[in-house]
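Novice: This is the structure I want to talk about, given as structure tokens.
Values quoted throughout were computed directly from the atomic coordinates according to the rules given, and no laboratory measurement underlies them. Predicted, not measured: the structure shown is a model, and the values here were computed from it. So basically every Cβ, Gly included, is an ideal-geometry build from the backbone, and we count neighbours across all protein chains shown.
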Amino acid sequence: MTDNKQVLKFVNDSIALCKPDKVMWITGDEAQLESLRAEAMKTGELIKLNEKELPGCYLHRSALNDVARVEGRTFICTEKEEDAGPINNWMDPVKAYKEVGAIFNGCMKGRTMYVIPFSMGAIGSPFSKIGIEITDSIYVVVSMKIMTRIGDKVLEALGDSNDFVRGLHAKADLDESKRYILHFPQDNTIWSVNSGYGGNVLLGKKCFALRIASYQGKNEGWMAEHMLILGVQFPNGEIKYIAAAFPSACGKTNLAMLIPPELYSKKGYKVWCVGDDIAWIRIGKDGRLWAINPENGFFGVAPGTNMKSNPNALLSTKKNAIFTNVVQNLDNNTVWWEGMDKNPPKNALNWKGEKWDAESGEKGAHPNSRFTAPAINCPCISSEFEAPEGVPLSAIIFGGRRAKTAPLVYQSRDWNNGVFVGSIMASETTAAATGAVGVVRRDPMAMRPFVGYNMADYFAHWIDMGTKIAHKPKIFNVNWFRTDEEGKFIWPGFGDNLRVLEWILKRCEDKVDAIETPIGYVPKAEDINIEGLDIDVDTVKGLLDVDKATWKTEVEGIEEFYAQFGTKLPKELRKELDTLKAKLK
Ligand code: O2Y
Ligand code: MN
């Protein structure tokens, strides 16, 4: 427990509102967590998996109506609507506290309230931030144990400080019509009600580490970004770090845990994962950008994860992990999902807990089924994962899924041009996502659902950071998803993406030339190493082609997207767009 008056006030206020029968402070002690897991097993909230095959692992099934983040019910509650901006849903904070407070009122009667002190970032690191999550869900407690650092040591690090995020979560009735994920950036507060699933309830992740933290970063002069962080180790032992932002379904976790192709590993190249989803980035004393991963685990999509696509992710799930909404193999009490292997279990339950026949054609695992796994399980976790100051960034990469528009890789001309490149990021929908194929969704810096304030101000913050960073990382854009006439991907992707990272890191050190195009610098085709690949230099030329007509159409889409920001759009971005238009003439 703690003497911190602000923490006690927050907990007491929450007790008065939610009226739980019992309150339990989460100490981080393994015996306490084990007793909670045992309790959750009795109610079916957690199912213990085969201890020999998957030691310390559990299966969790969410409610059928509660299987993903709910962007439509996620709100930024600022006094002025303009401060939330045109991309976010906005709710007046007075109205939000009153109306959603009524849903919280008495919602924990007959239940236990758990108080989880947690740290985003290693405890005691100058980069780290503390939160208190109050919840009525054991699944949340045990997941927060994996995804963050929790317990008494966090309260010790907080001391008397009032600098903590207040997170209140209640499953309530899981009524989706009364589901709200509310952020009060001006009060350091998050309220989540009527959901029990992932990103809606593990409040350290998207709610704190992106939405609230992006607002804190703007006010405090740093950046909270939806980026993986990886280190490329060269044969001479030197390691260069990259942060990269991609919209969902672009293979972010796969890139974060990339396995070098044999040609590279034989020479001594290695890739180390610092983080797969979120980066907190600050200017170091040396004038470079330094990044930490504020999380302690991975909350990865299960379907499609296999020993070929991402062995490091799969191996990360082999102990002390929680699987949500996957198939349960009843013969050996292990788990399975589509794309794990070609041998679906014969005797199995689907994600809903129903008897499931793989031959039926129905999917067994939910498409958004997840594993929650400790980062330290990952075979390629970086030795700098816990480094208090993080890692220095040589490059920032933006990316999207574009069939034709964006080349395999291009470098922005300078920081402001790089911010422009991030601001126009977009992905084309796949059939799996929406049913409509090829619809362009603008997702600036992959932060569309995660900026906790007006996106135009967020762009301005990026521009402003550029004026303060003495040694700026170079900014690039990649597109692994260009397709041929038959719609097939041209670039092999996965581990071979290291070939592109190699060019990027060479550019950062001025070790390789490039060709100027209207959108930035592309590689000379012969400078992308294709040794051992089934493609030739002409194919690479095609992958690097910048088609003016396609980009003129793209500019129309950018104009339309920018229009919603009105006069708030930073003039630097307007200028970049004008320059692009002029170069395309
Ligand atoms: O649907 C959810 O609750 C999870 S969404 C998610 C999980 C891990 C990493 N990234 C994301 C995302 O939506 O970007
Ligand atoms: Mn994400």
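Novice: Please say if the stretch 343-401 is rounded, prolate or oblate, where rounded means a/c under 1.5 for a ≥ b ≥ c the square roots of the C-alpha gyration tensor eigenvalues, and otherwise the choice is prolate for a/b larger than b/c and oblate otherwise?
Specialist: Prolate, because a/c is 1.5 or more and a/b exceeds b/c.
Novice: When the C-alpha atoms of the stretch 128-185 are aligned to their principal axes, what extent does each axis show, in angstrom, from largest down?
Specialist: 39, 26, 15
Novice: Hey, another quick one. Just to check, using Stokes-Einstein with a Kirkwood Rh over alpha carbon pairs, what's the diffusion coefficient of the stretch 117-276 at 20 °C and 1.002 mPa s in µm²/s?
Specialist: The diffusion coefficient I find is 122 µm²/s.
Novice: For the stretch 474-582, count the residues as N, evaluate 2.2 N^0.38 Å, and divide the Cα radius of gyration by that value, please.
Specialist: 1.25
Novice: Can you tell me the orientation of helix 93-104 relative to the chain, as the angle in degrees between its alpha-carbon axis and the longest Cα principal axis, to the nearest 10?
Specialist: 50
Novice: Find the Rg to Rh ratio for the stretch 92-165, where Rh is the Kirkwood radius over alpha-carbon pairs and Rg uses the same atoms.
Specialist: 1.04
Novice: So what is the relative contact order of the stretch 293-350, in percent, for Cα pairs below 8 Å that sit 6 or more residues apart?
Specialist: In percent, rounded to a whole number, it is 33.
Novice: On a 0 to 90° scale, report how tilted helix 497-508 is relative to the longest principal axis of the chain, with both axes built from alpha carbons and the result rounded to the nearest 10.
Specialist: 70
Novice: In degrees from 0 to 90, rounded to the nearest 10, what is the angle of the helix 548-563 Cα long axis to the longest principal axis of the chain?
Specialist: Orientation of helix 548-563: about 40 degrees from the principal axis.
Novice: So, one more: Taking 0.36 nm per residue of separation and subtracting the Cα-Cα distance, what length does fully extending Ala31 through Lys548 add?
Specialist: 179.8 nm
Novice: Still on this structure, please answer the following. Can you list, largest first and rounded to whole Å, the semi-axes you get for the stretch 286-328 by taking the square root of 5 times each eigenvalue of its Cα gyration tensor?
Specialist: Sorted largest first and rounded, they come to 28, 13, 9 Å.
Novice: Less than 11 Å Cβ to Cβ from Ala224, Lys/Arg counted +1 and Asp/Glu -1: what total charge do the surrounding residues give?
Specialist: +3
Novice: Quote to one decimal, in nm, the extra length available between Leu315 and Thr567 on full extension: 0.36 nm per residue of separation minus the C-alpha distance between them.
Specialist: Here the answer is 85.8 nm.
Novice: Along the three principal axes, how long is the stretch 1-151 when you take its alpha carbons, biggest first, rounded to the nearest angstrom?
Specialist: Here the Cα extents, ordered largest to smallest, are 55, 41, 36 Å.
Novice: Taking Cα centroids, how far is the stretch 438-466 from the stretch 276-291 in Å?
Specialist: Here the answer is 18 Å between Cα centres.
Novice: Still on this model: Can you bin every Cα-Cα distance in the stretch 175-216 into 10 Å intervals starting at zero and give me the percent of pairs per bin, rounded to whole numbers?
Specialist: 32, 52, 16, 0
Novice: If one puts a single equal scatterer on every Cα of the stretch 204-257 and applies the Debye formula without solvent, what log₁₀ I(q)/I(0) results at q = 0.13, 0.28 Å⁻¹?
Specialist: Listed by q, the Debye log ratios stand at -0.44, -1.05.
Novice: May I pose another question? Semi-axes of the equivalent ellipsoid of the stretch 19-96: what are they in whole Å, largest first, if each equals the square root of 5 times a C-alpha gyration tensor eigenvalue?
Specialist: 38, 18, 12
Novice: For the stretch 199-204, take each phi angle, set θ = phi - 60°, evaluate the Karplus expression 6.51 cos²θ - 1.76 cosθ + 1.60, and give the result in whole Hz per residue in order, putting x for glycine and proline.
Specialist: Running phi through 6.51 cos²θ - 1.76 cosθ + 1.60 with θ = phi - 60° gives x, 7, 10, 7, 5, x Hz.
Novice: What value, in deg cm²/dmol to 500, does the helix sum -39500 (n - 2.57) over DSSP H runs of n ≥ 4 give at 222 nm once divided by the residues of the chain?
Specialist: -8000 deg cm²/dmol
Novice: By how many nm would the segment from Ser360 to Asn12 grow when fully extended, if each residue of separation counts as 0.36 nm and the alpha-carbon distance is taken off?
Specialist: Extra length available between Ser360 and Asn12 comes to 120.1 nm.
Novice: In vacuum, with every alpha carbon of the stretch 443-520 counted as one equal point scatterer, what does the Debye formula give for log10 I(q)/I(0) at q = 0.16, 0.18, 0.25 Å⁻¹? Two decimals, please.
Specialist: Here the Debye-derived log intensity ratios amount to -0.94, -1.08, -1.19.
Novice: In vacuum, with every alpha carbon of the stretch 240-364 counted as one equal point scatterer, what does the Debye formula give for log10 I(q)/I(0) at q = 0.10, 0.14, 0.17 Å⁻¹? Two decimals, please.
Specialist: Rounded to two decimals, the profile gives -0.43, -0.75, -0.97.
Novice: While we're on this one: With a cut-off of 8 Å between alpha carbons and a minimum separation of six or more residues, what is the relative contact order of the chain in percent?
Specialist: 14
Novice: While we're looking at this one, here's another question. May I have the pair-distance distribution P(r) for the chain, computed from all Cα-Cα distances with 20 Å bins from 0 and rounded to whole percent?
Specialist: 20, 55, 24, 1
Novice: Based on the alpha carbons, how large is the Rg to Rh ratio for the stretch 344-450 when Rh follows Kirkwood?
Specialist: Expressed as Rg/Rh, it is 1.09.
Novice: Something else now. From zero outward in steps of 5 Å, how is the percent of C-alpha pairs of the stretch 217-305 spread across the bins?
Specialist: Taking all Cα pairs of the stretch 217-305, the binned fractions are 3, 13, 20, 21, 18, 14, 7, 2, 1, 0 percent.
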